[in-house]
Amino acid sequence: MPVLQSTQTPLLGLSLDQLKQWAQDQGQPAYRAQQLHQWIYQRGAKSLDEITVFPKPWRSQLTAVPVGRSELYYQSQAPDETVKYLLKLQDGQIIEAVGIPTETRLTVCVSSQVGCPMACDFCATGKGGFVRNLATHEIVDQVLTVQEEFDRRVSNIVFMGMGEPLLNLENTVAAIQCLNRDIGIGQRSITVSTVGIAGRIRQLAEYQLQVTLAVSLHASNQALREQLIPSAHSYPIEKLLEECRDYVQMTGRRLSFEYILLAGLNDQSQHIAELAIHLRGFQSHVNLIPYNPISEVDYQRPSPRQVQAFVQGLKQQNIAVSVRYSRGLEADAACGQLRASQTVNFDQNQPGLKP
Ligand code: SAH
């Protein structure tokens, strides 16, 4: 019998075929892989020792083999039923995932990195710096945890948590493939959000996934974008948009542009006119995100009237547009507020808050 070492890579993230290979390497029949697959992905086994259909002697040998689940460390629920989860990784790092329920959907906002190196000025994650990329199993785990905690199937996934997914492209793609193949979440129900990394949008297109790409544009001209997003200095808006056009051509899928609305800064009629020039005829959709406040900067969220004026202005220019008011604001779980802290700014005694 082969020696099993605790330094082994976790099983979470492996396909049925890869699990078959693994079982074979352990001198076990292929049907053990089917059992493993079911226990890891459907029954939520957190250690192989829980898999009671395995013979006891083998099970006791498997204790050193990690499934790859993270520890649910803390959770807080906002009044709108959005729940923010803090997950502790094997090395003690903390990340956040958010579960966003509606009557018909359960969306998970997943993190792709511990922290983020992009340092966008309006984003809490960017203020905390970058630690490391997440491994594939650490991304998949977030979805399983939310599914288990809500006791409901996850229908949609957005890579809009901590981190820049295209800087962790390989693990992000492997996680998408696993979520699709092993957990049964349709690729079309998965959105990858990026601030744009030179060359990486084309690289993503080459995988020919059916996911939706959301590009964080946030500005209608280069100077403004540079002011908000440090990486824009070395990746001009024209180059970004050119790469976005290539993405649409290569994948046949439209994409969406995210645009944070910052009062008085990027929400004026001049910006509508500039956006219209960039986006006319582009197979795309603009998603406006009224700014969610973070403590380090003093940007303002525009009033609902100002937001509506911006929407109407874009519509008049024949640009498809919608507004995303983020959920979970009261639990610091809304877009841009994730910083892996336990601070909650509402009544700590509220039901659903589990320290
Ligand atoms: N790095 C990726 C994904 C993470 S952020 C990206 O930049 O797209 C997900 C979305 O939340 C992005 O559009 C991001 O710009 C937006 N966001 C960040 N901070 C925000 C804030 N304070 N208010 C509203 N949206 C914010």
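In the chain, Cα pairs under 8 Å separated by at least six residues give a relative contact order of 16 percent. Which net charge results for the neighbourhood of LEU261, defined as the other residues with beta-carbon distances under 9 angstrom from its beta-carbon, given Lys and Arg at +1 and Asp and Glu at -1? Cβ neighbours under 9 Å give a net charge of 0. Which of these, ARG132, ARG305, ARG202, has the largest mean-square fluctuation under a Gaussian network model of the chain (Cα springs below 10 Å)? Looking only at ARG132, ARG305, ARG202, the biggest GNM fluctuation is shown by ARG305. For the chain, with a Gaussian network of springs between Cα atoms less than 10 Å apart, report the residue from GLY99, GLY129, GLY115 with the top mean-square fluctuation. Of GLY99, GLY129, GLY115, the most mobile in the Gaussian network model is GLY129.
Which GluC sites (Glu not before Pro) does the stretch 6-88 hold that lie in a coil by DSSP with at most 16 other beta carbons within 10 Å?
The qualifying sites are GLU81.
For the chain, the longest principal axis of the C-alpha atoms and the axis of helix 237-251 are separated by about 50°.
Extending 7 Å from the Cα toward the beta-carbon at both GLU242 and GLU296 defines two label points whose distance is 3.2 nm.
The magnitude of the dipole of the stretch 156-296, with charges of +1 and -1 set on the Cβ of Lys/Arg and Asp/Glu and taken from the Cα centre, is near 400 debye.
A simple rule links phi to the HN-Hα coupling: the Karplus curve 6.51 cos²θ - 1.76 cosθ + 1.60 with θ = phi - 60°, which for the stretch 271-283 gives 6, 5, 4, 5, 4, 4, 5, 5, 9, 4, x, 7, 6 Hz, with x for Gly and Pro.
Between the C-alpha center of the stretch 267-324 and that of the stretch 113-178 there is a gap of 26 Å. Can you list the HN-Hα couplings for the stretch 137-149, worked out from phi with the Karplus curve (6.51, -1.76, 1.60; θ = phi - 60°), rounded to whole Hz and with x for Gly and Pro? Along the stretch 137-149, the couplings run 5, 6, 7, 4, 3, 4, 5, 4, 4, 5, 4, 5, 5 Hz. In a simple Cβ point-charge model (Lys, Arg +1; Asp, Glu -1; nothing else charged), the stretch 71-354 has a dipole of about 700 debye relative to its Cα centre. Report the net charge of residues surrounding ILE51, where surrounding means a beta-carbon distance below 12 angstrom and charges are Lys +1, Arg +1, Asp -1, Glu -1. Taking every other residue near ILE51 into account, the sum is +3. With K and R counted +1 and D and E -1, the other residues having a Cβ less than 12 Å from that of HIS218 yield a net charge of -3. Applying a 4.7 Å Cβ-Cβ cutoff to the chain leaves CYS109, CYS116, CYS178, CYS244, CYS335 as cysteine residues with no disulfide-compatible partner. By the gyration tensor of its Cα atoms, with a ≥ b ≥ c the square roots of the eigenvalues, what is the shape of the stretch 16-60: rounded for a/c under 1.5, prolate for a/b over b/c, or oblate? It is oblate, given that a/c is not under 1.5 and a/b is not larger than b/c.
Kindly identify the stretch 1-121 as rounded, prolate or oblate by the Cα gyration tensor criterion: order the square roots of the eigenvalues as a ≥ b ≥ c, call it rounded if a/c is under 1.5, otherwise compare a/b with b/c, prolate if a/b is larger, else oblate. Intermediate values should be presented prior to the final figure.
On the way: a/c = 2.46, a/b = 1.88, b/c = 1.31.
Prolate, because a/c is 1.5 or more and a/b exceeds b/c.
Residues GLU96, GLU238, GLU258 in ascending order of nearby Cβ atoms (within 10 Å, fewest first): GLU238, GLU258, GLU96. Extending 7 Å from Cα along the Cβ direction at ARG202 and again at GLN93 yields two label points whose distance is 2.9 nm.
The residue list LEU167, VAL53, CYS109 was ranked by how far each Cα lies along the charge dipole of the stretch 44-191 toward its positive end, using unit charges on Cβ atoms, and VAL53 comes out on top. Rounded to whole Å, the principal axis extents of the Cα atoms in the chain read 71, 50, 36, largest first. Computed from backbone phi, the HN-Hα couplings of the stretch 166-172 come to 6, 7, 10, 4, 4, 6, 5 Hz, rounded to whole numbers (Karplus: 6.51 cos²θ - 1.76 cosθ + 1.60, θ = phi - 60°; Gly and Pro given as x). Relative to one another, the C-alpha centroids of the stretch 15-38 and the stretch 64-106 are positioned 28 Å apart.
Bear in mind that the values in this text are calculations on the coordinates, not laboratory data. A quick note: this is a predicted structure, and the numbers were derived from the prediction, not measured. All Cβ positions, even for glycine, are placed from backbone atoms using ideal geometry, and neighbour counts span all protein chains on display.
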